Each structure stands twice: as C-alpha cells, then as structure tokens.
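A short worksheet on the structure shown next.
The values are calculated or read from the model by the stated rules, or taken from the named source; none is laboratory data. What you are looking at is a predicted structure, and each value in this text was computed from that prediction instead of being measured. Please note: Cβ atoms are built from the backbone with ideal geometry, for glycine as well, and neighbour counts cover all protein chains shown. Side chains included, ligands, DNA and RNA excluded: accessible areas come from the protein's heavy atoms. Shrake-Rupley method; radii C 1.70, N 1.55, O 1.52, S 1.80 Å.
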Amino acid sequence: MTYPNQPPFAEPAPGPWNIPQNPPPPPIPSGTQFPQARQPLPFQQVPHEAPAPGPDRDEPAKKPGRDRYLDLLRTVALVRVVVFHLFGWAWLTVLFPSMGVMFALAGSLMARSLARPAWSVVRDRLRRLLPPMWAFALVVVPVMFALSWKPVREEGLWWFVRLGCYLLPVGSPPFPEESGSTGGFLEVSWADQGVGPLWYIRAYLWFVIASPLLLRAFRKLPWVTLLAPIGLTAVLGTDLVTIPGATGEAILDFAVFGSCWILGFAHNDGLLKQVPRYLVVSSAAIVMGFGIWWASGHLTEEGWNLDEIPLAQATWSLGFCAILLVYAPSWKQLPGKLAGWDSVITLANNRAVTIYLWHNLLLMASAQLVDELWNVPWVGDHLDSYLESSYTVLTLIAVWPLLGLAILAVGWVEDVAARRRPRLWPNGTRKDPEKVPRARRDDGARAR
C-alpha cells in the first residue's frame, strides 16, 4: 500500500520501533552436539526435454466415455427412419432430418478417432461396417437368385463387377427391379425396398475414406470446407450439371450430407463453442429458412419430402444439426426421466447398423403378419373394420419384436466386427465380466 506524502518503496525512518526483517539467530549454548552431516547425493542431470513428473503425467490417459446426448439423438433418428418408411409422412423429413443427424454424429466420432493414425482409423471403421452388411447380403442375395433373378442375361458380365458392391459398397449394389409375386409373401418390389438402405452404407464408406483429407482441409480452412458441399449440391442437385447413373447418385449423396459430416468435425474440435451461440442459431435459422423456401418452389409428387429435394435437404439438415450440436450438453448419464430409457438407447446404439439394415425387410414381414389376422377365427369376422383402420399402427407394433429377433440372430456380428465378445442383447443392464476388475471377480468367486 502507498501512503500519502511518502514515495513508494521508501526506506523507513530510523527509530526504536523498527524491527529488522531478518533478526539474528539466538546464541547456541556451549556443549551442544550436532549429528554428522550426510554426504550430498551426486547430482543427477535430467534431460531438458523430459516433462516434470506429476500425477497427471504418471496416470494413464483415460479414454473418453460415450456422450449420452449423442446416443439419444442417434436413437431418435433410427426410430424416425422406421416410422417414416412405414407411414411415408413427408413432414417427418422436416420435423427431424434423421440422415443429416446421423452423418453429423458419425463425423464427430470420426474426428475424435483421427487423433490416432489415419490408416488405422479407416481400417477399423471398415472392419466394423462391412461384416454386418455381409451378413445382410448373405441372406438377401440368395433369395434374389432363388426367385429367378437372371442378372447375367440382363446386364452381361459387368454384373459380376457390380456384385462386388455387396462386399465393398463403393457403388450401388445390383438387385432385380421386380421379384417375388403379386399377392405372395414377398411382393414384387421387395428387393428394391430391402436393398434401399444400402445407400447409407455406401455414403458412410465414402465419408470414412475421405475423412483424413477432409479433416486436414477443415482445420486449415474451416468455413470454406464446411460450406463447399452446399455449393456442390447447388450445382448437382439443381441439374446445372448432371452425372448419370449410380456414380451421380453417390456423388450427390456425398454432397448433400457432406456439410453435416464436417459439422461433426466442428463439434469435436470445439469450433462451435468459439462462435457466440446467438450467431450460430441465427445463421442456422437463415440457412434453414432458405431450405424451406427452396423446397416450397420445388415440391415433388411426395410433397414436402426433403429426401427428394437435394438442396433443401442439405441446407435444412445443416442448420438443424448446428442447433442440436451448439446446445449439446455432453451427458455422461441420461438426466431425469430420460434415465428410464437408458437400456433402450444403449441397445439401439450398440445395434444401430443392424437396425438400419434390416428394418425395411422387417416392415414388410410385419405387414404380412398383420394380414394373417384376417385368417384368425372370429377376429377377421368381427374386427375387420378395426384391423383395416389401424393397419399401419399394428404393423408398427409388430416390427419391434421382429427387430428384436434380428438383433438376437445377427446383431452379434457387430461385436465380432468390433473385436468384442459377442453379446445377444447389449442393453447395458448386465455388466460385462471382462470389464470388472480382476480382484473384484476373485473376491466374488471366494464369496460363492
């Protein structure tokens, strides 16, 4: 403190009240014996580059846990996909753009994984993605042949190259336009509907392979990289430039959802937190408003189905996902009443690929089961009008047990692909014994 009329750090005036800051030590009594001093240890030089020891450096780095908020969004996206493919309500694509959300979440996880060497990350992603698809193809493709599919006669030898897309889906896999029989157990368009979800696997594969370069470009030019896919969609999705065939479809899907995937990079790197939240929300609202305006002038026979309007899908999904991620709370546990859905959300995330691959086929099977209700005595005669009015609702109720059977039958392939112990019903309610500390298992064994 500086007092008035006295310069700072002034020497105190002499006087008896001034006590020296370091008073001399008291005299040592005569005859005091001191122990013999120890020899000093030799000086140990520490390299200049060596980090200072500390608890943070001595402890192994902890692996980041699952973000339950992202798990919740993925579960809602999967449920919305199933409901949309059954009811066909176009407004659901506006209410919750599931595919954009799923690509944004996958992009965030991919960016976090790329802290490791890029080649190992891409290899691991492919290893986890492809075996569930192979299990799906192992069932679907033989049924196509059993129903008199003659692809060599229709497409020639080029068909054998396209068939390889069931092994590595870099392109669209082949399937018969018409198969089965009218009024039979498998309707004529079953192959088209059943193989339809494989476009997502193809797009995901493209994003995984391109992610090391995309992430490098994003960290150098973040906003340019984020908005470039929107520009590409504006060129391809409005027919200014047309790329024919399956190649054009694949490139267009890559462009439509590219900004959502790169937005996941921004979420992982914390870029969204560096921008004021009001600016993110207002910018997202402008982008979404443009998407709705564009869709209103380019409606198709399916109305407001954004899946059929590429530029509207790209812009609406980007703005929607930006708002979801800028408010991301990063839950380690589900809060409040959401905790009651923990096991369902855990199961859906552990079997997301299985649910997505098989849900279309199982929706058709559910419809066949509901059709059989008319053959049940008394039910078909007395509840005919009720069955007719609630047909789609009954189909939606029936599909979930069938999805449960699919999880039990082939879901374990996802565990094998991820090099985990196969689990029949991984909903998180039972602890994995491999994750329990060895001492605790031994104590439990002795107690038994």
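Results, tabulated for the structure shown:
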| read-out | value |
| --- | --- |
| Flag if residue 95 is aliphatic (A, V, I, L, M), at negative phi, open to solvent by 100 Å² or more (accessible area, probe 1.4 Å) and modelled with pLDDT of 60 or more | yes |
| Residue within segment 34-43 that is of a type outside the set (A, V, I, L, M, F, W, C), open to solvent by less than 100 Å² (accessible area, probe 1.4 Å) and either under 30 Å from residue 333 (Cβ atoms) or at pLDDT below 95 (or both) present | no |
| Breaking point among (1) open to solvent by less than 10 Å² (accessible area, probe 1.4 Å); (2) farther than 30 Å from residue 392 by Cβ, for residue 100 | (2) |
| Options 318, 338; residue that is assigned to a helix (DSSP H, G or I), within 16 Å of residue 105 (Cβ to Cβ) and either modelled with pLDDT of 95 or more or not β-branched (Val, Ile, Thr) (or both) | 318 |
| Qualifying residue in segment 330-340 (condition: farther than 30 Å from residue 141 by Cα, touching a Gly at 6+ places or on another chain (Cβ under 8 Å) and surrounded by fewer than 17 Cβ atoms within 10 Å (Cβ to Cβ)) | yes |
| Number of positions in segment 414-433 that are open to solvent by 20 Å² or more (accessible area, probe 1.4 Å) and touching a Ser or Thr at 6+ places or on another chain (Cβ under 8 Å) | 4 |
| Candidate set: segment 356-402, residues that are among the hydroxyl-bearing types (Ser, Thr, Tyr) and more than 20 Å from residue 193 (Cβ to Cβ); chosen: the one surrounded by the most Cβ atoms within 10 Å (Cβ to Cβ) | 390 |
| Residues being part of a helix (DSSP H, G or I) and free of Cβ contacts under 8 Å to residues at least 12 places away in the same chain - total across segment 274-285 | 4 |
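One line per residue, one yes/no per condition, for (1) within 30 Å of residue 262 (Cα to Cα); (2) in contact with a Lys or Arg (Cβ under 7 Å, 6 or more places away or on another chain):
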{"position": "320", "(1), (2)": "yes, no"}
{"position": "323", "(1), (2)": "yes, no"}
{"position": "331", "(1), (2)": "yes, yes"}
{"position": "365", "(1), (2)": "no, no"}
{"position": "369", "(1), (2)": "no, no"}
{"position": "373", "(1), (2)": "no, no"}
{"position": "378", "(1), (2)": "no, no"}
{"position": "396", "(1), (2)": "no, no"}
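Residue-wise test of (1) surrounded by 17 or more Cβ atoms within 10 Å (Cβ to Cβ); (2) under 17 Å from the mean Cα position of the chain (by Cα); (3) modelled with pLDDT under 95.
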position	(1), (2), (3)
230	yes, no, no
240	no, no, yes
244	no, no, yes
259	yes, yes, no
267	yes, yes, no
